[in-house]
Amino acid sequence: MALILSHSDVERIVAELDGEVLEDLIRRVELGHREMAGGQVRQHSRIYLRYPEDGMRRPPGLFSMSALLPRAGVMGTRLLALGGAGGDGLLILFSQADKKCLAIIDDSTLHEYRTGTPAALAARYLARPRPQVAGCIGSSGIGRGTLTMLCHALPSVAEIKVFSPNEAHRTAFAAELCQRLRREVRPVGSAEAAAEGVDLLVTATDADRPVVADGAISQGVHISAMARNEVDMPTLRRSLVVTASRQMDRELDPPLRDPIPDELIHCELTELVAGTAQGRSSERQITVFLGGGGPLATWDVAAAQAFYEAGKKLRLGTTVEIAE
């Protein structure tokens, strides 16, 4: 029997299980990276079918990506209809052992948490101990999910500053997160103000260019860059830079406008998890996690398994027999 979890089911899982399901997300993504370190994971980069190909960054089409995690015993695919607002996204999860469909899950809200999970995992390895203040540039759903996961992973965070160019958006975003995260969240008037004096900085925009000047980046900050090209090259040159995946960065579609030279990449997140590379070396060192690419399919399958198990625990969703 396959379990179908709707948008409202996913929202209820987060509301009722909260920290339990968020921690399980982080745990399963970390286990996925351990599988990758051992060479067991099988996955491919994004496949993007699109028409017309007329120079648009995201023309109408279908995104898909798949992964097989043998130790976890699952495999799956993310499907996403792109092109403007409102496209549906689905996570489809299978058992590897019996080849049966386990779940079909709405991805609209889950994706926000899934995208924030690798950033939260990386921050546990790279941020200074007990960070107090976070800044966020961007008021997107990805920003919301990333801040939620960071505050769970690093509960010492007590204050968050938010900037986006639209004053109404950043004000509403701050009010929502203040209630959701039960922390002081306040809107500020510039990217530089959001970056000033913080321990953690999230960039979660659609700008496709640097969003904060290098001079605004303080010593010791940890930056979670959630989209492409958001961190200025001078900042990267004076930072310890960890990427989610060198290979997946090279295979991004559309590609990075300003590719980061290989010599600036210290290591991949998998190497930190496996203990084959070291993270922060001093309190004053700037660290950057590049989370805009990476082993997306592995993350998606790990997230699907976490929410499938949570849905079963709460007896949510609808079960169907696919092969009747």
### Query
Looking at His222, His169, which one is closer than 25 Å to Arg27 by Cβ and at pLDDT 95 or above?
His222
### Message
Against the definition (surrounded by 16 or more Cβ atoms within 10 Å (Cβ to Cβ), of a type in the set (S, T, N, Q) and closer than 18 Å to Ala134 by Cβ), how does Thr298 come out, yes or no?
### Response
no
#### Entry: Unmet criterion (only one of (1) in the same structural domain as Tyr48 (by TED's automatic domain parsing); (2) part of a helix (DSSP H, G or I); (3) of a type outside the set (Lys, Arg)) for Leu102
(2)
### Task
Would you check which residues across region 105-120 are part of a loop (DSSP other than H, G, I, E, B) and among the charged types (D, E, K, R) and list them?
Asp107
### Task
Identify the residue in region 1-43 that is outside any helix (DSSP H, G or I) and under 18 Å from the mean Cα position of the chain (by Cα) and, among all such residues, is nearest to Val301 (Cα to Cα).
Gln43
### Task
Please specify each residue of region 92-113 satisfying the condition of being closer than 18 Å to Val41 by Cα and either surrounded by 22 or more Cβ atoms within 10 Å (Cβ to Cβ) or under 16 Å from the mean Cα position of the chain (by Cα) (or both).
Leu93
### Task
May I ask you to say which residue of Ala72, Ala67, Ala81 is at pLDDT below 95 and of a type in the set (Gly, Ala, Ser)?
Ala81
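Condition check ((1) surrounded by fewer than 22 Cβ atoms within 10 Å (Cβ to Cβ); (2) touching a Leu at 6+ places or on another chain (Cβ under 8 Å); (3) on the phi > 0 side of the Ramachandran plot; (4) not assigned by TED's automatic domain parsing to the domain that holds Ala134) across all residues:
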residue	(1), (2), (3), (4)
Ile160	no, yes, no, no
Glu167	yes, no, no, no
Thr171	yes, no, no, no
Glu176	yes, no, no, no
Ala193	yes, no, no, no
Val198	no, no, no, no
Leu201	no, no, no, no
Ala204	no, no, no, no
### Query
If you go through region 116-141 one residue at a time, how many are more than 18 Å from Val273 (Cα to Cα) and surrounded by fewer than 23 Cβ atoms within 10 Å (Cβ to Cβ)?
6
### Task
Report, by residue number, each residue of region 194-215 that is touching a residue at least 40 places away in the same chain (Cβ under 8 Å) and outside any loop (DSSP other than H, G, I, E, B).
Ala194, Ala195, Leu200, Leu201, Val202, Thr203, Val212
## Note on the structure
Exactly one of Ala81, Ala67, Ala134, Ala123 is in a strand (DSSP E or B), aliphatic (A, V, I, L, M), assigned by TED's automatic domain parsing to the domain that holds Val188 and touching a strand residue (DSSP E or B) at 6+ places or on another chain (Cβ under 7 Å), and that one is Ala134
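The values are calculated or read from the model by the stated rules, or taken from the named source; none is laboratory data. No experiment lies behind these values; they were computed from the predicted model shown. Don't worry about glycine lacking a Cβ; one is built from the backbone with ideal geometry, like all the others, and counts go over all protein chains shown.
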